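The values are calculated or read from the model by the stated rules, or taken from the named source; none is laboratory data. Quantities reported herein were computed from a predicted structural model and do not represent experimental measurements. Here the Cβ is made from the backbone with ideal geometry for all residues, glycine too, and neighbour counts use every protein chain on show.
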2 protein chains.
Amino acid sequence: MTGERATRRRSTQQLAVVLAAVRESGREHPSAETIFARVRDRLPRISLGTVYRNLQRLVDDGAIGMAQLGDRVVRYDPTASAHDHFVCLDCGDVDDLVAGAPEGGLRAARQAGHAPTSHALVVYGRCRACQEG
Amino acid sequence: MTGERATRRRSTQQLAVVLAAVRESGREHPSAETIFARVRDRLPRISLGTVYRNLQRLVDDGAIGMAQLGDRVVRYDPTASAHDHFVCLDCGDVDDLVAGAPEGGLRAARQAGHAPTSHALVVYGRCRACQEG
DNA sequence: CTCGGTGCAAAGGGTTTGCATACAT
DNA sequence: ATGTATGCAAACCCTTTGCACCGAG
């Protein structure tokens, strides 16, 4: 019974503007609230619910990434492909990290009989800017 | 001005029972709600707020660990020392991983000028039990 | 014309907090 | 006696959702 037909998706202005807002965010890893504020400049009547719905859709489609970085909020990421993150404990800034697979963790998982398929690595510390002075 | 005096901490029955509940949890990584339910068997009048307050205190004191494993809730961990986690995408079970430092990530952070002090690694996949059959 | 997307506002789920009281010290 | 910890309930914060209307196809 795979009979359900995929519902046709419409491309709206709101969707485009949300995507643009995430894409323009550089290494900032904005929260939904931040996106909301930014998107409002262009579409003053957009609602927070719509922002959440479109962000979710973009994540599901693989157009953007999503990360939990230790605090409560979900962060969105213009880089959709898998990568890791550095979070500064002083200023909260986030940086992308390009690192190979965490072999130690994967090996430990396999040794326990598990079959790893993905991972999330967040490195915490003091960022470059916060070390000066 | 380091004049604030540390407030004297009292050891209550509630604190002891919360700690015991976490310690008895094995590799289960219970949420606050789970701890609450368990603790209630022994202290029927304990409140959820007290459970949260005591869990927070135990974490601050380094008596127990705390982890965010991808879903919304905070998990508590009888193992206070740093270690990583495996989460089964099928059944949700959590397993501890003993892995060395994630060198790739740390190196990438240092290369960007940051000074790493800690990290959180969660490996996702299919657990041993879910692979059988 | 259709029916998926939107705006609004309310609900949800997890966690924190203000306050009067209880109790460890 | 002192003031920290508790119980209760309300507040908080982030996110999701129900519903009537709008608008892309």
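Brief remarks follow.
- Whenever a residue of region A:22-35 is not assigned by TED's automatic domain parsing to the domain that holds residue A:93, its partners that are surrounded by fewer than 15 Cβ atoms within 10 Å (Cβ to Cβ), lying with C-beta atoms within less than 6 angstrom and at least six residues away or across chains, give the pairs A:31/A:73.
- For region A:55-67, the condition of being within 11 Å of DNA strand D (Cβ to nearest atom) and within 13 Å of another protein chain (Cβ to nearest Cβ) holds for at least one residue.
- Residue list for region B:97-133, restricted to those being of a type in the set (Ser, Thr, Tyr) and free of Cβ contacts under 8 Å to residues at least 40 places away in the same chain: B:117, B:118
- Scope region A:108-119; condition surrounded by fewer than 19 Cβ atoms within 10 Å (Cβ to Cβ) and within 7 Å of chain B (Cβ to nearest Cβ); matching residues: A:112, A:113, A:115, A:117, A:118
- Neighbours by Cβ (under 9 Å, 6+ apart or cross-chain): first from region B:60-73, more than 13 Å from residue B:122 (Cα to Cα) and touching a residue at least 40 places away in the same chain (Cβ under 8 Å); second more than 12 Å from DNA strand D (Cβ to nearest atom) and not in a helix (DSSP H, G or I): B:63/B:80; B:64/B:76; B:64/B:77; B:64/B:78; B:64/B:79; B:64/B:80; B:73/B:31
- Only one of B:76, B:124 that is within 13 Å of the chain's Cα centre (by Cα) and among the aromatic types (Phe, Trp, Tyr): B:76
- The listed residues are A:110, A:42, and the only one of them that is within 16 Å of DNA strand C (Cβ to nearest atom), at pLDDT 95 or above and over 11 Å from the mean Cα position of the chain (by Cα) turns out to be A:42.
- Within region B:87-107, if we keep just the residues that are more than 8 Å from chain A (Cβ to nearest Cβ) and surrounded by 14 or more Cβ atoms within 10 Å (Cβ to Cβ), the residue that is farthest from residue A:107 (Cα to Cα) turns out to be B:93.
- Where residue B:94 falls short, out of the listed (1) under 15 Å from residue B:26 (Cα atoms); (2) without any contact (Cβ under 8 Å) to a residue 40 or more places away in the chain; (3) among the hydrophobic types (A, V, I, L, M, F, W, C): (2)
- One residue stands out among those in region A:39-76 that are among the basic types (Lys, Arg) and more than 30 Å from residue B:119 (Cβ to Cβ): the one that is surrounded by the fewest Cβ atoms within 10 Å (Cβ to Cβ), which is A:45.
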